[in-house]
Amino acid sequence: MNPDDSQEFVNYLDNGACIGCQISNIGTYFPDLKDWAEEQGFPAEDSPEFTSRKLIDANHLTYTLQAPQGYILNGAAYQEHGEGGGVFRNQKVQMKASSKDAASAILHFFVSQNK
């Protein structure tokens with residue numbers, strides 16, 4: 001969190017070894033895998049209110065959420081899945097709209113590190 005502006009932050013999540021958390025989050029963020037998550041016994045949770053979501057490839061997507069006036073809230077998610085488990089990582093960045101390029105650079109780095 002920016003110490004000078006509590007509205008600006010970078011949030012990183014890695015579900016680690018929590019298989020139920022991984023599968024549920026995969027189903028929540030990746031709409032094409034919602035049924036798969038339910039079949040594994042860990043249905044998708046209540047979805048964030050995405051204003052946009054774009055699949056980059058089978059394992060990566062970017063998204064936008066509603067942000068306070070004058071700010072942007074963008075994120076990227078990564079998943080791998082298989083029989084009974086997977087990996088889920090998520091990073092979101094909220095910054096002033098004028099810092100859009102910096103937020104984009106942070107998310108591009110996240111995507112490049114999760115391959």
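The values are calculated or read from the model by the stated rules, or taken from the named source; none is laboratory data. Computed from a predicted model, the values in this text were never measured in an experiment. Backbone-built Cβ (ideal geometry, glycine too); neighbour counts: all protein chains shown. The protein model used for the area step is the full one, side chains on, heavy atoms only, and it has no ligands, DNA or RNA in it. Shrake-Rupley method; radii C 1.70, N 1.55, O 1.52, S 1.80 Å.
In the stretch 12-39, which residues are exposed (fewer than 13 other Cβ atoms within 10 Å of the Cβ) and small (G, A, S)?
Within the stretch 12-39, G16, A17 meet the criteria.
Quick one: which of F42, F9 is over 19 Å from Q91 (Cβ atoms), open to solvent by 50 Å² or more (accessible area, probe 1.4 Å) and touching a residue at least 12 places away in the same chain (Cβ under 8 Å)? Write out each step before concluding.
Working: F9 fails: over 19 Å from Q91 (Cβ atoms).
Only one candidate qualifies: F42.
Please work out which residue is nearest to the chain's Cα centre (by Cα), limiting yourself to the stretch 38-62 and to residues that are over 25 Å from A103 (Cα atoms), modelled with pLDDT of 90 or more and charged (D, E, K, R).
For the stretch 38-62, the residue satisfying everything is E38.
Among residues belonging to the stretch 53-79 that are assigned to a loop (DSSP other than H, G, I, E, B) and polar (S, T, N, Q), point out the one that is surrounded by the most Cβ atoms within 10 Å (Cβ to Cβ). Break it down into steps so the answer makes sense when it comes.
Quick first cut of the stretch 53-79, residues assigned to a loop (DSSP other than H, G, I, E, B) only: 56-59, 66-70.
If we keep only those that are polar (S, T, N, Q) as well, we get 59, 66, 69.
Details: N59: 16, Q66: 10, Q69: 6.
Residue satisfying both the conditions and the ranking: N59.
What's the number of the condition Y12 fails, among (1) among the aromatic types (F, W, Y); (2) at pLDDT 95 or above; (3) assigned to a loop (DSSP other than H, G, I, E, B)?
(3)
D4 versus (1) more than 13 Å from the chain's Cα centre (by Cα); (2) open to solvent by 50 Å² or more (accessible area, probe 1.4 Å); (3) farther than 18 Å from Q94 by Cβ: which is the lone unmet condition?
If we test D4 against (1) more than 13 Å from the chain's Cα centre (by Cα); (2) open to solvent by 50 Å² or more (accessible area, probe 1.4 Å); (3) farther than 18 Å from Q94 by Cβ, just (3) comes out false.
From the list K92, K96, pick out the single residue that is buried (at least 20 other Cβ atoms within 10 Å of the Cβ), over 18 Å from C18 (Cα atoms) and of a type in the set (K, R).
Working: K96 fails: buried (at least 20 other Cβ atoms within 10 Å of the Cβ).
K92 is the lone residue from the list that is buried (at least 20 other Cβ atoms within 10 Å of the Cβ), over 18 Å from C18 (Cα atoms) and of a type in the set (K, R).
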